1. Return the residue satisfying two criteria in turn: it lies in the range 241-294 and is in contact with a Phe, Trp or Tyr (Cβ under 9 Å, 6 or more places away or on another chain) and β-branched (Val, Ile, Thr), and of such residues it is nearest to residue 220 (Cα to Cα).
2. If you check every pair at least six apart or on different chains, which have Cβ atoms under 9 Å apart with a residue in the range 85-101 that is on the phi < 0 side of the Ramachandran plot and polar (S, T, N, Q) first and a residue that is assigned to a strand (DSSP E or B) and open to solvent by less than 20 Å² (accessible area, probe 1.4 Å) second?
3. What are the residues in the range 155-190 that are within 19 Å of the chain's Cα centre (by Cα), more than 15 Å from residue 209 (Cα to Cα) and without any contact (Cβ under 8 Å) to a residue 12 or more places away in the chain, if any?
4. Conditions first: (1) basic (Lys, Arg); (2) crowded, with 19+ Cβ neighbours inside 10 Å; (3) touching a helix residue (DSSP H, G or I) at 6+ places or on another chain (Cβ under 8 Å). Residue 159 passes all but one, so which condition is the exception?
5. Might you let me know whether the range 57-70 holds any residue that is in contact with an Asp or Glu (Cβ under 7 Å, 6 or more places away or on another chain) and over 22 Å from residue 117 (Cα atoms)?
6. Among the strands (runs of 3 or more DSSP E) contained in the range 127-219, which hold 1 or more residues that are among the β-branched types (Val, Ile, Thr), in contact with a Lys or Arg (Cβ under 6 Å, 6 or more places away or on another chain) and at pLDDT 95 or above?
7. Which residues, counting only those in the range 1-55, are hydrophobic (A, V, I, L, M, F, W, C) and over 20 Å from residue 277 (Cβ atoms)?
8. Which ones in the range 61-73 are open to solvent by 10 Å² or more (accessible area, probe 1.4 Å), among the polar types (S, T, N, Q) and in a loop (DSSP other than H, G, I, E, B)?
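The values are calculated or read from the model by the stated rules, or taken from the named source; none is laboratory data. Quick caveat, the model's predicted, so the values are computed rather than measured. All Cβ positions, glycine included, derive from the backbone under ideal geometry; neighbour counts span all protein chains shown. Quick note on the areas: whole protein, heavy atoms, side chains included, nothing else; ligands and nucleic acids left out. Shrake-Rupley method; radii C 1.70, N 1.55, O 1.52, S 1.80 Å.
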Amino acid sequence: MPYQVPEPKIFACTQSTELAKKIAKSYGTDLGNVHFSRYSDGEFQPSFEESVRGARIFIIGSTNPSSENLMEMLLMLDAAKRASARHITAVMPYFGWARQDRKDKPRVPIAAKLVAKMLEAAGATRIITMDLHADQIQGFFEKPVDHLFASTLFLPYLRKLNLDNLTIASPDMGGSKRAYAYSKALASDVVICYKQRAKANVISHMELIGDVQGKNVVLVDDLVDTAGTLTKAADLMMDRGAISVRAITTHGLLSGNAFDKIEKSKLLELIITDSIPIKKESEKVKVLSCAELFADVMHRVHHNTSIASKFLM
């Protein structure tokens, strides 16, 4: 009889359980059984409650702070390695600590590279992630990295809106490459915001490069944290004559008073994915699920088929 490749097993870190359930359902299987034991001081221990010997397993978990989310992933990887899993894929819809991808001043860490090395040391044989803060973070790994783009979800959504005089905008200079890619795909104009920061998460000055008079503007970014940049950019563009301003950002960290800023801003809507669990509901925040995208890519990875069709830009 010909050898049949056994189906993989899918497990979830605690903070990504809901997304993992959607991914498993889309894949056509159930989540594997993993139990977390916790000590009174906060220490925890994951335990696979079923055999993973010789199997391909996918461990799903975004690693946004707190650091407990990253520690969960590391311990799960180590447990899988010591349980003799054959292939161990860390599925990280959001790769945390990615904003520290270089030394921007003396005596600071490059946290993104440190995290990459820790994941490999813990046992990951492959990484699947989405919209890294900087594409070159893939180079921090010695293992294969499948870097997916949320444009697979956002471009169809934007086309359905059928907006006249569409203009794509980047909220900062660093996101100009992403904005140009979207503008090319949608055959639209592009504008860029130039900002200066007083310190992390605090903008001291912002200017607009380009014309938004009479345009329906869509801001594109990889993540939204305090929402200060997006809301300030939206208000600036409306003041410069834009008809409407929307924003699409892959990862909705939405920390601090981000929801209040969004509600009070001139943003018409903010579209994000469920790579990170949303903290509260808002009429201005729309969530598109990335579960089918990850399930499809995981299926292709398991059966060694191409995922090139998932790279829309």
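1. If we take residues in the range 241-294 being in contact with a Phe, Trp or Tyr (Cβ under 9 Å, 6 or more places away or on another chain) and β-branched (Val, Ile, Thr), then 248 is nearest to residue 220 (Cα to Cα).
2. Close Cβ pairs satisfying both conditions: 89/57; 89/58; 89/59; 89/127; 89/128; 89/146.
3. Within the range 155-190, just 156 meets the criteria.
4. (2)
5. no
6. 166-170
7. Within the range 1-55, 1, 5, 48, 52, 55 qualify.
8. Across the range 61-73, the qualifying residues are 64, 66.
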